[in-house]
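The values are calculated or read from the model by the stated rules, or taken from the named source; none is laboratory data. All of these numbers come straight from a predicted model, not from anything done at the bench. Cβ placement follows ideal geometry from the backbone for every residue including glycine, while neighbour counts extend to all protein chains displayed.
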Amino acid sequence: MRFEKLLKQIVACNSISSVDPSLDQGNRSIIDLLANRLEELGFSCEIMELGRDKANLIATRGQGPGGLVLSGHTDTVPCDDTLWTSNPFKLTERDGRFYGLGCCDMKSFFALAIEALKPHLNKDFKQPLIILATADEESSMSGARALVSRGIPIARRAIIGEPTGMRPISMHKGIMVEKLSILGKSGHSSNPSLGHNAMETMQRVMTYLLSLRDEMMHQKHPGFEIDHPTLNLGCIKGGDNANRICSHCFLAFEIRPLPGMDINKLQADLERKISQLASIDRVGWDLERIIVPPFCSETGSEMLGLCEKLTGYQSESVAFATEAPFLQQLGMDVVVVGPGDIEVAHQPDEYLSFDRINPTINFLSKLIDQSCL
């Protein structure tokens, strides 16, 4: 296939991002690869340095006040290669699918977008086409936040090629990733008065969080299949031995709020309760948060109507979060639509089906034609 060589090179780039520093990798290899390829095709490329071998790429062809952004994140989640049938960093073809880390979520979008623009390279771009590649979507959203901070790029329309099965997404939940550390005091377990057990405080915090989860289930939004906010306890670590009072306990959890919810109030209520429990137990605490707002398309969105027409699907909602609200803050009419399936994202043997390739290329080619030419 025409785009297979580029996809193979992209998949080979280890661009894992993670809140765990031992797993976190840079993304410069894929940014440089895309920049070199797009410069060969006549694009002007700006690499936005983010530090720690991280960067965004803004590749532009054409000028004007409107234009189209084809956006994707270059990073992937961590993977356990022992659970994969094949090497996750080697593009593998079998059973009518391409397998490889990021094939679904969402490195293949870049190769497909570049393939879609090739027939238009000898034409006059009346409005700009921007290929946007970001860092750390799977961990901190630092790439998207940096774009908002600088107020770039400027364009009227944007597609984010996340795995939606080529169904346009007009709405998604937000996400609040919370990393809580409880700081107690160690001591010999034979005398509990010698310390303050951080694990016990964390247990009380978790009881509160599960109660909050039950309360939030009563808040409904008919536009979602899972019509209420969700809360997940994702990772816990604490203590080092059975005969020692636990001095430190860590919990990572997430909340996925609905559009219209007051995230600031939710965060303030959360911190107030943690502070109260920590004060009672005479322990310290620290809470690090990453917040992505919910997303909802513009009322009467022209981009949404165009995507529904070109794909043949009516718009839907999803429970996962994307960079859409950040591009929306930059003034873009944003739709989330891409070829992968969310059911295989973040899973061993992640794949992209062959039957999604040509429809995606045709869709993006028509979108470029109607937005830029």
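For the reader, a short list of remarks on this structure follows.
- Output for segment 196-211, where each listed residue is touching a residue at least 40 places away in the same chain (Cβ under 8 Å) and either hydrophobic (A, V, I, L, M, F, W, C) or not in a loop (DSSP other than H, G, I, E, B) (or both): H196, A198, M199, E200, T201, M202, R204, V205, M206, Y208, L209
- Answer residue from segment 123-150, given it is in contact with a Cys (Cβ under 8 Å, 6 or more places away or on another chain) and under 18 Å from L38 (Cα atoms) and is surrounded by the fewest Cβ atoms within 10 Å (Cβ to Cβ) among those: Q127
- Filter result for I280 (over 19 Å from P163 (Cα atoms), among the aliphatic types (A, V, I, L, M) and surrounded by 15 or more Cβ atoms within 10 Å (Cβ to Cβ)): no
- Filtering segment 91-99 for residues that are of a type outside the set (V, I, T), closer than 17 Å to I16 by Cα, at pLDDT 95 or above and not in a strand (DSSP E or B) leaves a non-empty set.
- Only one of the numbered conditions (1) farther than 18 Å from V334 by Cα; (2) among the small types (G, A, S); (3) surrounded by fewer than 24 Cβ atoms within 10 Å (Cβ to Cβ) is violated by G100, and that is (3).
- When A59, A116, A55 are checked against the criterion of being under 17 Å from V337 (Cα atoms), hydrophobic (A, V, I, L, M, F, W, C), crowded, with 20+ Cβ neighbours inside 10 Å and assigned by TED's automatic domain parsing to the domain that holds I357, A116 stands alone in meeting it.
- Hits in segment 254-288 - residues which are among the hydrophobic types (A, V, I, L, M, F, W, C) and not in a helix (DSSP H, G or I): I255, L258, M261, V283, W285, L287
- Count of residues meeting criterion [closer than 19 Å to A111 by Cβ, of a type outside the set (S, T, N, Q) and within 19 Å of the chain's Cα centre (by Cα)] in segment 56-87: 7
- I154 falls short on exactly one of the conditions (1) assigned by TED's automatic domain parsing to the domain that holds F320; (2) crowded, with 24+ Cβ neighbours inside 10 Å; (3) not in a helix (DSSP H, G or I), and that condition is (2).
- Among the candidates P153, P192, residue that is modelled with pLDDT under 95 and under 23 Å from L33 (Cα atoms): P153
- On inspection, S181 fails the criterion of being assigned to a strand (DSSP E or B), in contact (Cβ under 8 Å) with a residue 12 or more places away in the chain, over 30 Å from G284 (Cβ atoms) and touching a Phe, Trp or Tyr at 6+ places or on another chain (Cβ under 9 Å).
- Strands (runs of 3 or more DSSP E) enclosed by segment 1-81 - at least 2 residues per element that are within 17 Å of G161 (Cβ to Cβ) and modelled with pLDDT of 95 or more: 54-61, 68-73
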